[in-house]
Amino acid sequence: MSEMPMNTASGVAGAMAQPQLREVPAVRMEAVYKHYGDFTALNEVDLKVAKGEKIVVCGPSGSGKSTLIRCINHIEKHDEGLIYVNGIELDHQRKNIDAVRRDTGMVFQSFNLFPHMTVLENCTLAPMTANGMSEAEAKDLAMHFLTKVRIPDQAEKFPGQLSGGQQQRVAIARALCMRPKIMLFDEPTSALDPEMVKEVLETMRKLAEEGMTMLCVTHEMGFAREVADRIVFMNEGKVVEQAAPEEFFKNPKSERARTFLDQIIH
Amino acid sequence: MSHFSPTAAVNYFFNYFLMKGVLVTIGLTVAAVIGGLILGMGIALMRMSSNPVLSGFSRFYIWFFRGTPLLIQLVVIYSGLPQLGIKFSVITCALVGLILNEAAYLAEIVRSGFMAVSAGQREAAWALSLSPWVTFRRVTLPQAFRLMIPPLGNSINSLLKATSLASVISVEELMRRSDMLMQEHFQILEVYAAATAYYLILTSVWDAVQRRLEKHFGRSSAAKSRRVAARAPVAQTSAEARA
Ligand SMILES: Nc1ncnc2c1ncn2[C@@H]1O[C@H](COP(=O)(O)OP(=O)(O)OP(=O)(O)O)[C@@H](O)[C@H]1O
Ligand SMILES: [Mg+2]
C-alpha cells in the first residue's frame, strides 16, 4: 500500500511540531456562550489551539467539557461568541459548518459505530458518499487506517461482534478516513473495561506522534502527562486554568483544580 | 339438520365465488398497507417536525383515527359523506377508510422506530460530513426499519382481518361473500369454516414473510454487543388491537 501521510498540513514528527504562532490557529474561541434554557453550559470561553497542538480537557462532571468540544464541529450550536476552525468561522451557515466538519474528526465515548454496517462499510461510507471516492479507493483507504489501528482482520465483522476497545479503534479509523486536520475525542476510554483502555490510548498516542492536532476530554492523567502540550481545566462552564501538564499537576493554581486532582489521583 | 358436513366445507373452500372474495381481501390489504405506509410516513414526519402546526395536525389525526372505530369511519365515508355531496365508489370508500385508519397506526410505528435510533448515530453521521439524505437513507432509516418490522407485522396482521369490516359497506371481500353463500345455502358452519381457513392461511403466510424480513434485516444485530454498555433502543410495544 502506498504511503499515506495522516495529514498533509502538519505531517511533521511530534517532537518538532512547535506551535507556530503566526499561523492560523486550528481552533480559536472567543467569549463563547452556550445555554440550555436557564443553564449556562459554556460561560465566556476563550481558547486557542495551535496547529499540531495536543490539548487535554479535564474537569468535574457537568463542567461543560463535552459541550466545549461539540461546539467545535457544530454538533452543538453555540449561542454567543466566535469560533474559528482553521480560519473558517462557525457562523451557523451551512457551507461553513460543512467545511469545518470536513476538517475535524470526532470520537465519542459510546463509539457510535453504525451497527448495521460492517467495520469496512463504517469506514468507507463517508469517503464514498461525501468525497465521491470509488469503492475500491475507499476500501484501500479504510484498510490502510484499519491496519494503522491494528484491526485489519476484523474488517468484515459487524461492530457488535467486536470488543469495546476494538470498536473504539474502528471509530478512530473511521474518522481518519476523512483525513481530518483536527481530532476531537470525548472521553474515548470511559466506556471501556480497564484492559482495553491501553490499546485505545496507544492508538491515540501514535496519532499524536504523527503531528495530529488533538483536543481530548479524558480523565486518563497518565496520557495527559505524556501526550498533552497543555491541560485545559474547566469548571461550571468556564475555562478556569490552562497550563503545561507538569505545571498543572505539580502546582495547580485554582482551589477547584486542586480538589479535582486530589479526587482523581486519590 | 344437526351435523357438520366436512365435504361441504371443503367444497366451499374451493368455491370460485369465495376465492374471488379472498383476492379482494388480499387486494384491500396490500393497497391499504402501501397507502397507509406512504401517508403514515408523512404523518410521522409531521409529528416529528418542529413546526407546531404540522405536529399539532399530525397529533390530532392520530388521536382521531385511533380513537374511533374503523367501522364508524367506513360507514361515515360510505353513507355519511354523500349527504355532503361527496360520493365515491364502494371500493374507493373501503380503501379510503382503511388507508386513513392504517396510516394513523403506522405513523406511530414509524415515529417510534426513528425515535429509538440513538442521537449518537446522527451525531456520528454529522461529524463524518454525511449529507442529510445519506444520513437518513444509510444510517437512520435502516436502523429504524429494523425496529419497525415487529410492530409493523402485527399491524398488518390486524389490518388483514380488519378488511372484513368492509363487508358492512357491501364490499364483496371474503367475509361478505361468505355471508352471501351462507344466506343462499344456510350451511353456516361449513361456509365460515372455509372462510376461517382462508384467514388463517393468509395470516400464517404473512407471519412467515415477517419472520424472513426480521431475519434478513436483523443479521447484524444477531451478534449482540458483548461487554460494551449496549445502547440498544427500547423494544417496541406491540401494535394495539383494532376495534
Ligand atoms: N441537551 C442538553 N439539555 C440540557 N442540559 C444539557 C444538555 N447537554 C448538556 N447539558 C448540561 O450542561 C452541562 C454541561 O454538560 P457537558 O456534557 O458539557 O458536561 P461534561 O463536562 O462533559 O460532563 P461529563 O464529565 O459528565 O461528561 C451539564 O450540567 C449538563 O446537564
Ligand atoms: Mg461529557
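Those helices (runs of 4 or more DSSP H) of segment B:89-207 in which at least 3 residues are within 14 Å of another protein chain (Cβ to nearest Cβ), considering only elements entirely within it, cover B:119-127, B:141-162. Filtering segment A:59-76 to residues that are away from ligand 2 (no atom under 11 Å from the Cβ) and either without any contact (Cβ under 8 Å) to a residue 24 or more places away in the chain or hydrophobic (A, V, I, L, M, F, W, C) (or both) leaves A:Cys71, A:Ile72, A:Ile75.
Of everything listed in (1) open to solvent by 10 Å² or more (accessible area, probe 1.4 Å); (2) in contact with a helix residue (DSSP H, G or I) (Cβ under 9 Å, 6 or more places away or on another chain); (3) modelled with pLDDT of 95 or more, the single unmet condition for A:Glu195 is (3).
In the condition set (1) closer than 20 Å to B:Glu123 by Cβ; (2) part of a helix (DSSP H, G or I), A:Pro115 is compliant with all but (2). Of the set (1) hydrophobic (A, V, I, L, M, F, W, C); (2) buried (at least 23 other Cβ atoms within 10 Å of the Cβ); (3) over 14 Å from the mean Cα position of the chain (by Cα); (4) not in a helix (DSSP H, G or I), all apply to A:Val240 but (2). Remark: B:Glu108 matches the filter, which requires a residue to be open to solvent by 20 Å² or more (accessible area, probe 1.4 Å), among the acidic types (Asp, Glu) and in contact with a helix residue (DSSP H, G or I) (Cβ under 8 Å, 6 or more places away or on another chain). When B:Glu172, B:Glu190 are checked against the criterion of being open to solvent by 40 Å² or more (accessible area, probe 1.4 Å) and of a type in the set (Asp, Glu), a single residue qualifies: B:Glu172. Candidates A:Met106, A:Met143: the one that is closer than 27 Å to A:His219 by Cβ, outside any loop (DSSP other than H, G, I, E, B) and open to solvent by less than 60 Å² (accessible area, probe 1.4 Å) is A:Met106.
Kindly indicate whether any position in segment A:203-212 is within 16 Å of ligand 1 (Cβ to nearest atom) and surrounded by 22 or more Cβ atoms within 10 Å (Cβ to Cβ). Taking every residue of segment A:203-212 in turn, none turns out to be within 16 Å of ligand 1 (Cβ to nearest atom) and surrounded by 22 or more Cβ atoms within 10 Å (Cβ to Cβ). Listed by first and then second residue, the pairs with beta-carbon distance under 8 Å, at least 6 apart or on different chains, first residue in segment A:209-233 and among the small types (Gly, Ala, Ser), second within 16 Å of ligand 2 (Cβ to nearest atom), are A:Ala224/A:Val56; A:Ala224/A:Cys58; A:Ala224/A:Thr218; A:Ala228/A:Ile55; A:Ala228/A:Val56; A:Ala228/A:Cys216.
The number of residues in segment B:7-49 being open to solvent by 80 Å² or more (accessible area, probe 1.4 Å) and either of a type in the set (Lys, Arg) or part of a helix (DSSP H, G or I) (or both) comes to 8. Select from segment A:31-62 the residues that are within 12 Å of ligand 1 (Cβ to nearest atom) and out of contact with any helix residue (DSSP H, G or I) (no Cβ under 9 Å at 6 or more places or on another chain) and write down the one among them that is nearest to A:Glu226 (Cα to Cα). Only one residue tops the list, namely A:Ser61. Considering segment A:156-174, the residues that are over 11 Å from A:Phe111 (Cβ atoms) and crowded, with 20+ Cβ neighbours inside 10 Å include one that is farthest from ligand 1 (Cβ to nearest atom), namely A:Phe158.
Is it fair to say A:Leu192 is facing another protein chain (nearest Cβ under 10 Å) and out of contact with any strand residue (DSSP E or B) (no Cβ under 8 Å at 6 or more places or on another chain)? Yes. Is one or more of the residues making up segment A:170-188 within 16 Å of ligand 2 (Cβ to nearest atom), more than 12 Å from every other protein chain (Cβ to nearest Cβ), within 13 Å of the chain's Cα centre (by Cα) and not hydrophobic (A, V, I, L, M, F, W, C)? Yes: segment A:170-188 contains one or more residues that are within 16 Å of ligand 2 (Cβ to nearest atom), more than 12 Å from every other protein chain (Cβ to nearest Cβ), within 13 Å of the chain's Cα centre (by Cα) and not hydrophobic (A, V, I, L, M, F, W, C).
Of the residues A:Phe111, A:Phe145, the single one that is within 23 Å of B:Gln143 (Cβ to Cβ), aromatic (Phe, Trp, Tyr) and more than 7 Å from chain B (Cβ to nearest Cβ) is A:Phe111.
Restricting attention to segment A:243-266, which residues are within 20 Å of the chain's Cα centre (by Cα) and farther than 13 Å from A:Cys58 by Cβ? Within segment A:243-266, A:Ala244 is the sole residue that qualifies. Residue count for segment A:64-95 satisfying the condition of being more than 15 Å from ligand 1 (Cβ to nearest atom), more than 14 Å from chain B (Cβ to nearest Cβ) and either open to solvent by less than 10 Å² (accessible area, probe 1.4 Å) or touching an Asp or Glu at 6+ places or on another chain (Cβ under 7 Å) (or both): 4. For segment A:21-32, indicate whether the set of residues that are within 14 Å of ligand 2 (Cβ to nearest atom), more than 14 Å from every other protein chain (Cβ to nearest Cβ) and at pLDDT 95 or above is non-empty. No; the residues of segment A:21-32 include none that is within 14 Å of ligand 2 (Cβ to nearest atom), more than 14 Å from every other protein chain (Cβ to nearest Cβ) and at pLDDT 95 or above. Restricting attention to segment A:126-139, the residues being open to solvent by less than 10 Å² (accessible area, probe 1.4 Å) and either facing another protein chain (nearest Cβ under 8 Å) or assigned to a loop (DSSP other than H, G, I, E, B) (or both) number 1.
The values are calculated or read from the model by the stated rules, or taken from the named source; none is laboratory data. These figures come from a predicted structure and were not determined experimentally. Because the Cβ atoms are built from the backbone with ideal geometry, glycine has one as well, and the counts that use them run over all protein chains shown. Quick note on the areas: whole protein, heavy atoms, side chains included, nothing else; ligands and nucleic acids left out. Shrake-Rupley method; radii C 1.70, N 1.55, O 1.52, S 1.80 Å.
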